[in-house]
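Inspection log for the structure reproduced underneath, given as structure tokens.
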Amino acid sequence: MGEYLVLWERFAPSFAKQELLPEIEKNCEEFGIFSQTAYDAFQKNKFAANSMYFHHQYAEKDIPIGQEYEAIAYSRDRKIQPDSIQKCASKVLCFFTAYKTQPADHAMCGHHELSLIQFCKGIPPMISGLFEITDHKPLYIPEQKYIYLGSEAELRKLVRKQEATAATAELLEGLGIHNEEDFRAQGAEKISAIYEMLKKLAVEKYELGDQAVKELIYDGLFEIKMKNYRK
């Protein structure tokens with residue numbers, strides 16, 4: 001997991017040209033070049049055809065410049081819409097630091113940053129569903145509408161995981177467990193039984209593997225928390 005990239009927002013082309021790019025150049029002059037390789041890639045590709053600048057979500061692992069993706073999907077309210085998954089070749093031309101924005105040769109694990117991405121056969125229509133950045137206001141992601149880039153297998157696995165998370169949340173709520181404190185309050189025998197139920201669910205129904213069980217419990221409890229928060 002973690003090979004995918006989640007796009008939060010897209011920069012309006014006019015804003016990127018008039019504001020973002022001059023800011024990047026200014027930062028490079030003022031603070032020095034963070035990565036010569038990345039800076040060269042930026043200069044070569046900053047106006048590349050069928051490319052756009054994006055603000056992306058926290059990376060789950062380091063992702064290098066040149067990373068290619070084969071598929072795209074639309075996500076609403078933190079859930080990938082299964083019918084939206086489709087083939088769409090894309091490539092990361094350059095990454096940028098979020099602080100003192102300038103070219104970087106990889107997206108750093110645990111950071112939300114910027115990226116320049118090229119779509120090989122033209123920018124797909126679903127990109128228009130992202131919030132468009134047109135000024136310097138703070139980060140704003142209305143309605144949690146995202147775009148996922150990854151392999152088709154990876155994106156479909158994420159769909160299975162989100163379905164398993166929903167099933168886990170339903171199971172836990174049915175047992176009267178609504179938060180981590182409730183879960184820890186269960187006896188050892190009951191916790192063991194819950195693990196066995198979720199192991200069967202993860203492996204047999206959703207093909208996620210035994211290692212997904214602990215993560216499903218955490219994600220299921222978070223799902224319950226968010227559902228109660230939205231009420």
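The values are calculated or read from the model by the stated rules, or taken from the named source; none is laboratory data. Worth saying up front: this structure is predicted, and the values here are computed from it rather than measured. Counting neighbours? That spans all protein chains shown, and the Cβs are built from the backbone with ideal geometry, glycine included.
Take GLU170 and tell me if it is part of a helix (DSSP H, G or I), closer than 26 Å to GLN81 by Cα, under 22 Å from the mean Cα position of the chain (by Cα) and not assigned by TED's automatic domain parsing to the domain that holds LEU114.
On the way: part of a helix (DSSP H, G or I): yes; closer than 26 Å to GLN81 by Cα: yes; under 22 Å from the mean Cα position of the chain (by Cα): no; not assigned by TED's automatic domain parsing to the domain that holds LEU114: yes.
When the stated conditions are applied, GLU170 does not pass them.
Do we find that HIS136 is over 14 Å from SER75 (Cα atoms) and either assigned by TED's automatic domain parsing to the domain that holds GLU113 or among the hydroxyl-bearing types (Ser, Thr, Tyr) (or both) in this structure? So that I can check it myself, show each step before the final result.
Values: over 14 Å from SER75 (Cα atoms): yes; either assigned by TED's automatic domain parsing to the domain that holds GLU113 or among the hydroxyl-bearing types (Ser, Thr, Tyr) (or both): yes.
Judged against the criteria, HIS136 is a match.
Examine segment 5-25 for a residue that is over 24 Å from the mean Cα position of the chain (by Cα), closer than 17 Å to TYR99 by Cβ and of a type in the set (S, T, N, Q), and state whether such a residue exists.
no
Applying the selection to segment 202-220, what residues are of a type in the set (A, V, I, L, M, F, W, C), touching a residue at least 24 places away in the same chain (Cβ under 8 Å) and touching a helix residue (DSSP H, G or I) at 6+ places or on another chain (Cβ under 6 Å)? Explain how you work it out, then say what you get.
Quick first cut of segment 202-220, residues of a type in the set (A, V, I, L, M, F, W, C) only: 202-203, 208, 212-213, 216-217.
If we keep only those that are touching a residue at least 24 places away in the same chain (Cβ under 8 Å) too, we end up with 202, 208, 212, 216-217.
If the condition is that a residue be of a type in the set (A, V, I, L, M, F, W, C), touching a residue at least 24 places away in the same chain (Cβ under 8 Å) and touching a helix residue (DSSP H, G or I) at 6+ places or on another chain (Cβ under 6 Å), then ALA202, LEU208, ALA212, LEU216 are the ones that fit.
Only one residue in PHE119, PHE131 is in contact (Cβ under 8 Å) with a residue 60 or more places away in the chain and within 30 Å of GLY220 (Cβ to Cβ), so which one is that? Give the steps one after another, and end with the answer.
Values: PHE119 fails: within 30 Å of GLY220 (Cβ to Cβ).
Step by step, each of PHE119, PHE131 is checked, and only PHE131 is in contact (Cβ under 8 Å) with a residue 60 or more places away in the chain and within 30 Å of GLY220 (Cβ to Cβ).
Quickly run through segment 208-219 and pick out the residues that are surrounded by fewer than 16 Cβ atoms within 10 Å (Cβ to Cβ) and at pLDDT below 90.
Within segment 208-219, the subset surrounded by fewer than 16 Cβ atoms within 10 Å (Cβ to Cβ) is 209-211, 214, 218.
Matches in segment 208-219: GLY209, ASP210, GLN211, LYS214.
With the condition kept exactly as written, say whether any residue in segment 221-231 is touching a Lys or Arg at 6+ places or on another chain (Cβ under 9 Å), at pLDDT below 90 and not acidic (Asp, Glu).
yes
Among the residues of segment 113-127, is any crowded, with 21+ Cβ neighbours inside 10 Å and of a type in the set (Val, Ile, Thr)?
For segment 113-127, residues crowded, with 21+ Cβ neighbours inside 10 Å and of a type in the set (Val, Ile, Thr): present.
Criterion first (within 30 Å of ASP219 (Cα to Cα), among the aromatic types (Phe, Trp, Tyr), in contact with a helix residue (DSSP H, G or I) (Cβ under 7 Å, 6 or more places away or on another chain) and at pLDDT 95 or above) does TYR74 satisfy it?
On the way: within 30 Å of ASP219 (Cα to Cα): yes; among the aromatic types (Phe, Trp, Tyr): yes; in contact with a helix residue (DSSP H, G or I) (Cβ under 7 Å, 6 or more places away or on another chain): yes; at pLDDT 95 or above: yes.
Yes.
Here's the yes/no breakdown for (1) under 15 Å from the mean Cα position of the chain (by Cα); (2) farther than 26 Å from LEU21 by Cα:
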residue: PRO82; (1), (2): no, yes
residue: TYR99; (1), (2): no, no
residue: ALA104; (1), (2): no, no
residue: CYS109; (1), (2): yes, no
residue: LEU114; (1), (2): yes, no
residue: ILE117; (1), (2): yes, no
residue: LYS121; (1), (2): no, no
residue: THR134; (1), (2): no, no
residue: LEU155; (1), (2): yes, yes
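Name the strands (runs of 3 or more DSSP E) wholly inside segment 21-124 in which the number of residues that are of a type outside the set (A, V, I, L, M) and within 28 Å of MET226 (Cβ to Cβ) is 2 or more.
Output list reads 51-56, 68-76.
Quick check: anything in segment 150-161 outside any helix (DSSP H, G or I) and surrounded by 22 or more Cβ atoms within 10 Å (Cβ to Cβ)? I'd like the intermediate steps shown before the answer.
Step one: list which residues in segment 150-161 are outside any helix (DSSP H, G or I), which gives 150-151.
Pick out the ones that are also surrounded by 22 or more Cβ atoms within 10 Å (Cβ to Cβ) and you get 150.
Checked segment 150-161: at least one residue is outside any helix (DSSP H, G or I) and surrounded by 22 or more Cβ atoms within 10 Å (Cβ to Cβ).
Which ones in segment 85-102 are under 13 Å from GLU152 (Cα atoms) and surrounded by 18 or more Cβ atoms within 10 Å (Cβ to Cβ)?
Taking segment 85-102 and keeping what is under 13 Å from GLU152 (Cα atoms), we get 85-90.
Passing the criteria: ILE85, CYS88, SER90.
Given the conditions (1) over 23 Å from GLY110 (Cα atoms); (2) at pLDDT below 95, and given that LYS44 satisfies all but one, which numbered condition is not satisfied?
Exception for LYS44: condition (2).
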